[in-house]
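Report on the following structure.
The values are calculated or read from the model by the stated rules, or taken from the named source; none is laboratory data. Because the structure is a prediction, the values reported are computed rather than measured. So basically every Cβ, Gly included, is an ideal-geometry build from the backbone, and we count neighbours across all protein chains shown.
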Amino acid sequence: MRIKRIAAVAAAATLALGMTACGGDDADEGTGGETKDFAAGSTMERLNQAQSIKIGTKFDQPLFGLKGLDGAPQGFDVEIGKVIAAELGIPESKIQWVETASQVREQRIEESAVDIVIATYTINETRKERIDFAGPYYIAGQTVLVRADESEITGPDSFKTSGKKVCSVQGSTPAKNIEPYLGNIAEQLVVFDVYSKCLDALKGGQVDAITTDNVILTGYMSQNEGQFKLAGETFTEEPYGIGLKKGDNDFRTFLNDTLEAAFSDGRYLQAWKDTAGKVDSADPKIPTVDRY
């Protein structure tokens, strides 16, 4: 009898172990990870095998990249990052979000602190000297945000005659674009490392306006109902791209292919509706990818 009892206990233990192992497999499958067949030695293969990707984005921009209560960013840029990760076979839970302010985006890429940057990142020739871009995936336009009771600032041309101060972010395209509209750059242009500090300065009266892309400013308006307004129309065209290490042509091709697929199969528009589309109901114009 004793032998039978020992055998029964052993059998039960074996069964329990087997059930535990099966449970572990199910849990792994639930993470959404997937082994995919990419070219040997490619960035895609490396990321897929690691089952992890580091994506640089902003943490202070409503609708595009804003840090949520759970510590993870939320917004349209974030959703585009999730689309890229999924095509690499990497689950959302394995994305490492790295806060990446405007002035350090190229540096983050060059130092391999991130694998890609999706952070309201305007494609331009100066940046392409240091890194490469996939996309664009969205076309924004620069404009000006002022307090709701502001009457003198009606657009960028107002700064030259009014002498009023405008805030933007150091190293950003908008900070450079506004300079020709200023009578005295040193006195009128105030720059910080992040736009949220510009917003605080505008609320506190230290500056009279903020200038950056319309979608970013619309996001701030949505969080501060009735306090701000846009002054004038957009005065630039800002194509947002995905930044990656220079010379990684195969990875850039993969990213462009993924964007084009998302444009056509509904994932892109769904990402918009889930984020920025809650404020701007008009569907964005689908951009043409630049395969330079």
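What the table shows:
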item: Verdict on K160 being basic (K, R) and in contact with a strand residue (DSSP E or B) (Cβ under 9 Å, 6 or more places away or on another chain); result: no
item: Residue in the stretch 82-96 that is surrounded by 22 or more Cβ atoms within 10 Å (Cβ to Cβ) and not aliphatic (A, V, I, L, M) present; result: no
item: Unmet criterion (only one of (1) free of Cβ contacts under 8 Å to residues at least 40 places away in the same chain; (2) under 30 Å from F159 (Cα atoms)) for D265; result: (2)
item: Residue in the stretch 244-264 that is closer than 20 Å to S281 by Cα, touching a strand residue (DSSP E or B) at 6+ places or on another chain (Cβ under 7 Å) and not in a loop (DSSP other than H, G, I, E, B) present; result: no
item: So F59, is it hydrophobic (A, V, I, L, M, F, W, C), touching a strand residue (DSSP E or B) at 6+ places or on another chain (Cβ under 6 Å), at pLDDT 50 or above and surrounded by 11 or more Cβ atoms within 10 Å (Cβ to Cβ); result: yes
item: Among (1) more than 24 Å from the chain's Cα centre (by Cα); (2) farther than 15 Å from F228 by Cα; (3) not charged (D, E, K, R), the one test that S168 misses; result: (1)
item: From the options D257, D248, residue that is surrounded by 16 or more Cβ atoms within 10 Å (Cβ to Cβ) and of a type in the set (D, E); result: D248
item: Residue identified as at pLDDT 95 or above, under 30 Å from S281 (Cβ atoms), out of contact with any His (no Cβ under 9 Å at 6 or more places or on another chain) and aliphatic (A, V, I, L, M) among I90, I95, I109, I53; result: I95
item: Among the residues listed as I210, I216, I242, the single one being in contact (Cβ under 8 Å) with a residue 40 or more places away in the chain, farther than 19 Å from E150 by Cβ and of a type outside the set (K, R); result: I242
